[in-house]
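Here the structure comes first, spelled out in structure tokens, and everything after it is commentary.
The values are calculated or read from the model by the stated rules, or taken from the named source; none is laboratory data. From a predicted model like this one, the values you see are computed outputs, not experimental measurements. Here the Cβ is made from the backbone with ideal geometry for all residues, glycine too, and neighbour counts use every protein chain on show. Each accessible area value is taken on the protein alone, full model and side chains, heavy atoms only, with ligands, DNA and RNA left out. Shrake-Rupley method; radii C 1.70, N 1.55, O 1.52, S 1.80 Å.
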Amino acid sequence: MNSLELLKIDLKGLVDEETSLAFDLDDTYFEALDGAEVKKGSLHVSVSIRKATGFFELNFHTTGTVVVPCDRCLDDMDQPVETSNRLIVKLGSEYSEEDDIIVVPEDEGILDTSWIIYEFVALVIPIRHVHAPGKCNPAMTKALEELSADRSSDEESSQAVDPRWEKLKNLKM
């Protein structure tokens, strides 16, 4: 049985009104999913399921770290994540997703949470992720500084060469 099979919840098999589940996910989980955002990590996911009349309320709490590339030096870095999410699941005729409501086919009654958990984690990763100051790859930092200096000197020389820009600036005032 692969690691993703453990994340399938048999909703029809739940007998208690309240059920708690916990999952510890590692690199094998991310490899099995093969998502674009995250390839490695270590997560602890706790799920509390409340069975109500006509629906199931699932509350996910996920903590841990994921490995993402640094936007500055492109080396891998650990990004801490923590998220709490709520999901409503109903049994119906066919599978569908709309906002925070998922309809699972009643004849199956199984909810696969593997991709749902991945999406919850991917959504809390900051848009910009960089190492703490001084932790980036020194070789890449040096190369970026050199390229940045070359680019700024090119801009300065191009401004000095073309006097038309100065005349346009005078029109603005």
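From the alpha carbon centroid of segment 75-140 to that of segment 52-66 is 11 Å. Among Ser84, Ser46, Ser93, the largest mean-square fluctuation in a Gaussian network model of the chain, built with springs joining Cα atoms closer than 10 Å, belongs to Ser93. Computed with every protein chain present, the accessible area of Asp26 is close to 80 Å² [probe 1.4 Å].
Run the accessible area of the chain with a 1.4 Å probe and give the carbon-and-sulfur part as a rounded percent.
With neighbouring chains kept in place, the figure for the chain is 52 percent.
Among the lysines of the chain, pairs that are 8 or more positions apart or on different chains and have alpha carbons within less than 17 Å of each other number 5. Only protein heavy atoms count here; on that basis, with a 1.4 Å probe, His129 has an accessible area of about 30 Å².
Between Thr65 and Asp10, the modelled label-to-label distance comes to 3.7 nm, taking each label 7 Å out from Cα in the direction of the beta carbon. Probing with 1.4 Å while keeping every protein chain in the model, the per residue accessible area of the chain equals 67 Å².
Using θ = phi - 60° in the Karplus curve 6.51 cos²θ - 1.76 cosθ + 1.60, the 3J(HN,Hα) couplings for segment 84-95 round to 10, 9, 10, 9, 10, 10, 10, 9, x, 7, 8, 5 Hz; x is entered for Gly and Pro. Projecting the Cα atoms of Pro126, Leu58, Ala36 onto the dipole axis of the chain, where Lys and Arg carry +1 and Asp and Glu carry -1 at the beta carbon, places Pro126 farthest toward the positive end. Only DSSP H runs of four or more residues enter the estimate; each adds -39500 (n - 2.57), and after division by the residues of the chain the mean residue ellipticity at 222 nm equals -9500 deg cm²/dmol. Between the amide H of Lys40 and those of Val67, distances stay under 5 Å, these residues lying 5 or more places away or on another chain, with hydrogens modeled in the peptide plane. Would you indicate which of [x] 10.2; [y] 16.8; [z] 12.5 is the value of mean projected area of the Cα convex hull in nm² derived from the coordinates of this structure? After the calculation, the listed value that fits is [y].
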